[in-house]
1. Taking Cα pairs under 8 Å and at least six residues apart, what relative contact order does the chain come out at, in percent?
2. Using a 1.4 angstrom probe on heavy atoms only, work out the carbon and sulfur share of the accessible area of segment 182-311 in %.
3. State the percent of C-alpha pairs, over all pairs in segment 339-380, separated by a distance greater than 12 angstrom.
4. Kindly state, to the nearest 0.05, the FRET efficiency for Asp317 paired with Ala542, given R0 = 25 Å and r defined as their beta-carbon distance.
5. Check cross-link reach from Lys405 to the aspartates and glutamates: straight Cα distance under 19 Å, and skip same-chain residues fewer than eight apart.
6. Which translational diffusion coefficient, to the nearest whole µm²/s, is obtained for segment 381-456 from the Stokes-Einstein equation, given a Kirkwood hydrodynamic radius over C-alpha pairs, 37 °C and 0.692 mPa s?
7. Taking the Cβ of Val459 as the centre, find all other residues whose Cβ is under 15 Å away and add up their charges (Lys, Arg: +1; Asp, Glu: -1).
8. Work out the FRET efficiency for Phe326 and Lys426 from their Cβ-Cβ distance, taking R0 = 45 Å, and round it to the nearest 0.05.
Amino acid sequence: MTAASLDKDLAMSSAVQKALVWYRSRIQSIRWTEYLGKLVATDKDGASSSTVQNSRFSSRTRIASILGRPDGGAGLAGQKVRISGWVKTGRGQGKGTFAFLEVNDGSCAANLQVMVDASVSDLSKLVATGTCLTADGCLKIPPKGKGTKQKIELRADKVTDVGTVDPATYPLPKTNLSQEYLRDITHFRIRTKSCAATVRTGSIAAKLVDGFFDEELFTFVHTPIITTCDCEGGGETFQVTTLIKQSEKLERDVVMNIEAAKLIVEEKGEAVAQLKAAKASLQEIAALVAELDEAEEALAEVEEIKSRLKPGLPYKDGKIDYSKDFFCRPTFLTVSGQFQLESCSRGIGDVYTFGPTFRAEKSHTSRHLSEFRMVEAEIAFAGLEELMNCAEAFVKYICNGLLEKGYDDLKVLAEKFDKDCIDRLKVAATTPFGRVTYTEAIKLLEEAVAQGKTFEKQVEWGIDLASEHERYLTEVLFQKPLIVYNYPKEIKPFYMRLNDDGKTVGAMDVLVPKVGELIGGSEREERFDVLMERVEEMGLSAEQHEWYTELRRQGTANHSGFGMGFERMLLFATGIDNIRDVSLFPRYPGRADL
Ligand SMILES: NC(=O)C[C@H](N)C(=O)O
């Protein structure tokens, strides 16, 4: 059995076929001007307008609306504009009589060339890389010369709002900087061309997520960030508690009280001594001594409280007393919004969420973050087949959308990180994904081993596929995205629907080249008795899962859902090697900058 023959044998479902035809026709009909959306004005004939488009909420013109036009901005020659941005490179010319500045404002990857005459501004303050400025002037077609690439440039007649840099300490000199170096300056790295392209790509992808579910009529739900359940059951949760702060505060208060009481005792003691030295009346002295006694008693009292105070967390019956905690119970940062979505799905049908997710896994790999964004969908009245169709259509939609709307940035990223990333996106956008059962996948891997391929983790039925297995399947055997389904129940969570074989569950993972697992999902167990058996089998607390299992007793329904790590999608799209570089402010063990 080969991957290719398997693939051919797997008849594509009509839903995916339909989605493919639709997406292909869509991609053909999209024009460049649509890619730029509202940035570029188009006249009735579809030609670019010769009027510059100002940003609606500031007086500047975005550079993308000049350079992003089909004519590269040439049709705007003669127009007056104001641009604002940061100098990428600046060079004085004509013995210091004028300067060329390559200015970028982040609206697109390309820079606008700005020519500034020495009579307009002090050029020495403008040419350093990183300088911020606003330039007013007229757009001109540059004289044709050797190596002139620009279709348009700005001749500045006014330069204002100059934010100078100190070139000696500016952390982003022009040289090619390593990703590791940039990770240490997260507050500046957005100013690099590749980081800006990554963030714009992420922005487009995020809008596409909403676009897909909007078109498919899913309802968006905000699932909570603070939760009481560990959906994935791995215990890799960050705890949310105010107990530590409370106990620290209590200790601080007692210490402050002791200090205050000591001060009063000292003052009273000094006052008594002064009265005695001044030979005051016995009556006066006795009154003050009484006050001193009182102060000493108060001090003894707070000291006694301190001795009784047990520093640290409150305990009851040998366990931490969570009734004293903020929510009166243990709470965590969410690892998944799935359970909440499942409850929603049983009332309003198809739902999705897209938000921050946290895993306190001590993972130092290039594919894990402690805080990431997850897209999760729950499809009502749908089984595994429909779930796979939805996940495939979703990935295709994002890949197509990125190729349509973010091509320029993808080109920047392909050049810098991985020249194959655009081709991989095209394959994912247009080719039906492979589909194999877990059992078939294991057979394929065993065949590979028999032919001499070595893996660190031994291949046998029942193992959790490691990243090396997943990548071999999708990168080498299928050379395109692949869905593996029907996994052994032992390696999957309790909520996945038990198949009739009693051994596997209706789970599926979407694997993509370069990344491995992109999406994980399953058909949910809707049968109360079977679910309870699984809860017991896995040694879980029935009480803790009561609300979840209760949903199966009252109007149960079959439904399926998946979750996609958003940053993993960006890894796939951008070709970047490390997930810490697709998240602008990454959190991982030992690091939470800014
Ligand atoms: N919503 C999902 O199916 C995602 C799943 N709970 C996960 O965290 O992988």
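1. Numbers: 1016 pairs, mean separation 78.9, N = 594.
About 13 percent, as a whole number.
2. Carbon and sulfur atoms account for 56 percent of the accessible area of segment 182-311.
3. Working: 542 of 861 pairs.
Pairs farther apart than 12 Å: 63 percent.
4. Numbers: r = 22 Å, r/R0 = 0.86.
My answer for the efficiency is 0.70.
5. Straight-distance partners of Lys405: Glu34, Asp71, Asp105, Asp210, Asp214, Glu215, Glu415, Asp420, Asp423, Glu567.
6. 218
7. Working: positive: Lys443, Lys453, Lys457, Arg471; negative: Glu440, Glu446, Glu447, Glu456, Glu460, Asp464, Glu468, Glu470.
Value of the local net charge: -4.
8. Plugging the Cβ-Cβ distance into 1/(1 + (r/R0)^6) gives 0.35.
The values are calculated or read from the model by the stated rules, or taken from the named source; none is laboratory data. All values reported here derive from a predicted model rather than from experimental measurement. Positions of Cβ are generated from backbone atoms using ideal geometry, with glycine treated the same way; all protein chains shown enter the neighbour counts. With ligands, DNA and RNA removed, areas are computed over all heavy atoms of the protein, side chains included. Shrake-Rupley method; radii C 1.70, N 1.55, O 1.52, S 1.80 Å.
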